[in-house]
Amino acid sequence: MMGRNQDIQCNVDNCKFYSSGYCTAERIQVDNQYGSMSNNSDDTICVTFQPKTS
Ligand code: SF4
């Protein structure tokens with residue numbers, strides 16, 4: 001298990017990179033869901049997300 005990234009707090013507890021309120025991925029990518037129509041945080045998406053397998 002990689003260390004928690006103290007700069008990335010996350011509450012997606014069904015992601016395989018999630019650990020106790022933090023992201024353990026070495027890096028993440030966040031995209032806008034609606035291209036130039038995105039205008040708030042609800043319109044963004046973490047594409048690094050992967051579901052927990054267990
Ligand atoms: S990869 Fe994205 S969704 Fe998963 S823990 Fe990290 S920030 Fe959260």
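Residue-wise test of (1) without any contact (Cβ under 8 Å) to a residue 24 or more places away in the chain; (2) of a type in the set (A, V, I, L, M, F, W, C); (3) at negative phi.
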| site | (1), (2), (3) |
| --- | --- |
| Gly3 | yes, no, yes |
| Ile8 | yes, yes, yes |
| Asp13 | yes, no, yes |
| Ile28 | yes, yes, yes |
| Lys52 | no, no, yes |
Item to complete: Could you tell me whether Gly21 is surrounded by 10 or more Cβ atoms within 10 Å (Cβ to Cβ), on the phi > 0 side of the Ramachandran plot and of a type outside the set (D, E, K, R)?
Response: yes
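Per-residue answers, yes or no, for (1) within 11 Å of the ligand (Cβ to nearest atom); (2) loosely packed, with under 14 Cβ neighbours inside 10 Å:
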{"position": "Asp7", "(1), (2)": "yes, yes"}
{"position": "Val12", "(1), (2)": "yes, yes"}
{"position": "Arg27", "(1), (2)": "yes, yes"}
{"position": "Tyr34", "(1), (2)": "no, yes"}
{"position": "Asp42", "(1), (2)": "no, yes"}
{"position": "Ile45", "(1), (2)": "yes, no"}
{"position": "Phe49", "(1), (2)": "yes, no"}
{"position": "Lys52", "(1), (2)": "yes, yes"}
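Coordinate-derived values only; no laboratory data. Note that the structure is a prediction, hence the values are computed from the model and not measured. Cβ atoms come from the backbone with ideal geometry, glycine included; neighbour counts cover every protein chain shown.
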